[in-house]
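Everything below concerns the one structure shown next.
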Amino acid sequence: MPKTIKIIGIGAGDPDHLTIQAVKALSQVDVVFLMDKGPAKEKLNALRKKICARHMGERAYRFVDAANPEREREGDYLAAVADLNARKQAVFERLIAAELRDGECGAFLVWGDPSLYDSTIRLVEAIAASGRHDLDWDVIPGITSVQALTARHRTTLNAIGRAVTITPGRRLAERFPDGVDSVVVMLDAENAFRRLREDDVDIYWGAYVGTPDEILIAGKLDDVAGEIERVRAEARAAHGWIMDSYLLRRPTVADKTSD
Ligand SMILES: C[S@@+](CC[C@H](N)C(=O)[O-])C[C@H]1O[C@@H](n2cnc3c(N)ncnc32)[C@H](O)[C@@H]1O
């Protein structure tokens, strides 16, 4: 009997983000792998446990906590990521081999959606392709932090008929890319919005969106940049970690033919 892995998107912090498809998938799970690391680990895993308690009911399931490797902070970024992923793959493979019995179903509960800045799909795909395990695997989508952010600000992601860019903070340029009026910035350790040299930009910023600690600030970038920096620093100091993202948008002439 093959083992099954379900990669389940759980949304960005609110247990109500879980889709009905995800709830149905959870009802088949025997083992939940917990992979978080760092100072946020406790809170993020608490949410996962709450979701399981709420939706897996009487089912007999077990948690397996795995030490998730950390990325080297020094040296070349892409080399460090490749090295991290190799070590993560080894951890995942050990979990699948040692913690899951034949015929059982294991789940990775991925923050947001597994397609966005998350390596779980790539790692499970590589393990399945290795041929070393009799493995079926599946992906269940989740609400991304981008969707959570735009919903809480009651705004749209794209301007009418226009393109969107999603980027890590370290890649935010001084100007919007050609043809793009909306840029979503994630994984920003250093207030990259300060780099932007565009006139008249709106920013929709959110931290811990969907959780009881949520903070939202929106306005003209020039007007609120200082406030965001201050609030962000205070929140990070108070919690010991921060999870924030933002949408930058410049006004465009509306294209009336599409949405
Ligand atoms: C490793 S990425 C994972 C993204 C996730 N897979 C998703 O679909 O949103 C982590 C980044 O997502 C953003 N993020 C995730 N959850 C968030 C939340 N609740 N509020 C604000 N930003 C969030 C932050 O930019 C954070 O640095």
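Report summary: the helix-based calculation at 222 nm, which adds -39500 (n - 2.57) for every DSSP H run with n ≥ 4 and divides by the residues of the chain, gives -10000 deg cm²/dmol. Sorting R71, R162, R171 on solvent-accessible area from highest to lowest, probe radius 1.4 Å, gives R171, R162, R71.
Measuring only protein heavy atoms, the 1.4 Å probe finds K41 accessible over about 70 Å². Rounded to the nearest 5, what is the percent of antiparallel bridges among the DSSP beta bridges in the range 146-249? Approximately 75 percent, going by the DSSP bridge assignments. Distance between the 7 Å Cα→Cβ label points at R59 and I20: 1.7 nm. Classify the chain from the C-alpha gyration tensor, please: rounded if a/c falls under 1.5, else prolate or oblate depending on whether a/b exceeds b/c. It comes out prolate by the Cα gyration axes.
For W111, the accessible area of its heavy atoms, probed at 1.4 Å with every protein chain present, is near 50 square angstrom. At a probe size of 1.4 Å, how large is the accessible area of Y77, to the nearest 10 Å²? So the heavy atoms of Y77 present about 80 Å² to solvent. Take every DSSP beta bridge whose two residues both sit in the range 1-157; close to 5 percent of them are antiparallel.
Figure note: I20, I143 ranked by solvent-accessible area, largest first, 1.4 Å probe, ligands and nucleic acids not counted: I20, I143.
For the range 3-143, the Kirkwood radius over C-alpha pairs fed into Stokes-Einstein at 37 °C and 0.692 mPa s yields D = 213 µm² per second.
The values are calculated or read from the model by the stated rules, or taken from the named source; none is laboratory data. Predicted, not measured: the structure shown is a model, and the values here were computed from it. Note that we place each Cβ from the backbone using ideal geometry, even for glycine, and neighbour counts take in every protein chain shown. Just so you know, the surface numbers come from the protein's heavy atoms only, side chains and all, with ligands and any DNA or RNA stripped out. Shrake-Rupley method; radii C 1.70, N 1.55, O 1.52, S 1.80 Å.
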